[in-house]
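All of the numbers you see were taken from the coordinates with simple rules; none came from a lab. A quick note: this is a predicted structure, and the numbers were derived from the prediction, not measured. Cβ sites come from the backbone with ideal geometry, for glycine too, and all protein chains shown count toward neighbours.
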């Protein structure tokens, strides 16, 4: 038996991108017992990943904001205690940050165990490299997923990797009364991921409104998720701007948990969104997706493992936001809209 500790704490998109490492490892080392250290906000996402024995939530972000509170000291000690409950043969840090390397350093190793990470030039913070016993170089030109898969393959001696990444997720079923009451089940609904913390990633509001109107006219209910109050206000503004649409009406989703979000995405006819963790999660669940990449390079981050994922926008480091017409064409290619979809003036 090989006991492995994976350290990938955040963000949501990075965690989704790390999931194929688990699928690879389970196939190559069926005897592996795998634990995962993850930021507390994303612990439920890791719990959905098949093959994880223990999820070890860490609260680095919150602890940094509340360093002097007694609760912070108690929680830190409790985390280290859980970390020390096992001795690991391999501690694999796929994050490459100083904070993740420090967690690796605190983990207990079995005799001949090793802490492993990326080599200099690949770690995101150079100091992290000093905490590893072994470090490997991979091609910087690889997609983020393939860099992590290559690191794990070098660590455990399997490969080369020529297959597409696999995502093995078990999403608990959820009941959405608000969606049922709106008459949107069992009819089609589309999840529109409009929110982003980075303004340069945002798709213009007038294009979202035009898309909402087109979906409504086609009998597909647009669902606008929101997390923060600001995101909810933005979703409500989009819904108000699309008021008067024929057919169905857009819905602003109430706040949902990460588990509920996964189930909501999994039941959608299509997900259209900017480059966010939820977009990558939808594609990992094999839901038809249209990704809007205006400020992040598609070659490095976009879903590529499924023909049901269509990515629009920048292929290089920078690029203009995808045009409305390109999104409509993508929806037609996915079979979501018929070629006779009701025309909406392009914004």
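Below are the figures for this structure:
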{"quantity": "0 to 90° range, to nearest 10: angle between helix 70-83 axis and the chain longest Cα axis", "calculated": "70 degrees"}
{"quantity": "Beta bridges by DSSP in region 2-156, antiparallel share as percent, to the nearest 5", "calculated": "0 percent"}
{"quantity": "Centroid-to-centroid separation of region 193-234 and region 68-109 [C-alpha atoms, Å]", "calculated": "38 Å"}
{"quantity": "Separation of alpha-carbon centers, region 136-164 and region 3-38, rounded to whole Å", "calculated": "13 Å"}
{"quantity": "Distance between modelled label sites at residue 197 and residue 114, nm, 7 Å Cα→Cβ extension", "calculated": "3.4 nm"}
{"quantity": "Per-residue Cβ neighbour rank within 10 angstrom, fewest leading, 251, 69", "calculated": "69, 251"}
{"quantity": "Region 177-333: C-alpha gyration tensor shape, a/c 1.5 cut-off, then a/b vs b/c", "calculated": "rounded"}
{"quantity": "In nm, spacing of pseudo-spin labels at residue 63 and residue 126 (7 Å Cα→C-beta vector)", "calculated": "2.6 nm"}
{"quantity": "Rounded tilt (10° steps) of 144-156 against the dominant C-alpha axis of the chain", "calculated": "20 degrees"}
{"quantity": "Computed lengthening from residue 77 to residue 139, 0.36 nm per intervening residue step minus Cα-Cα distance", "calculated": "18.5 nm"}
{"quantity": "Gyration tensor (Cα) of the chain, equivalent ellipsoid semi-axes in angstrom", "calculated": "39, 22, 18"}
{"quantity": "Gained length - residue 28 relative to residue 332, 0.36 nm times residue gap less alpha-carbon distance", "calculated": "105.5 nm"}
{"quantity": "Spin-label zone in region 20-36 - amide nitrogen under 13 Å from a point set 7 Å from the Cα of residue 54 along the C-beta vector", "calculated": "33-36"}
{"quantity": "For region 103-147: rounded, prolate or oblate by the Cα gyration tensor [a/c cutoff 1.5]", "calculated": "prolate"}
{"quantity": "Residue exposure sequence - 19, 214 - by fewest surrounding Cβ within 10 Å", "calculated": "214, 19"}
{"quantity": "Antiparallel DSSP beta bridges within the chain, percent to nearest 5", "calculated": "0 percent"}
{"quantity": "In degrees, nearest ten, helix 229-241 long axis to first principal axis of the chain (Cα)", "calculated": "20 degrees"}
{"quantity": "Amide N proximity, region 200-218 versus residue 323 label position 7 Å along Cα-to-Cβ, cut-off under 18 Å", "calculated": "203-211"}
{"quantity": "Cα gyration tensor shape of region 2-156, rounded if a/c is under 1.5, else prolate or oblate by comparing a/b with b/c", "calculated": "rounded"}
{"quantity": "Förster-model FRET efficiency, 41 Å R0, residue 230 and residue 84, C-beta, rounded to 0.05", "calculated": "0.55"}
{"quantity": "Least to most buried among 100, 218 (fewest other Cβ within 10 Å first)", "calculated": "218, 100"}
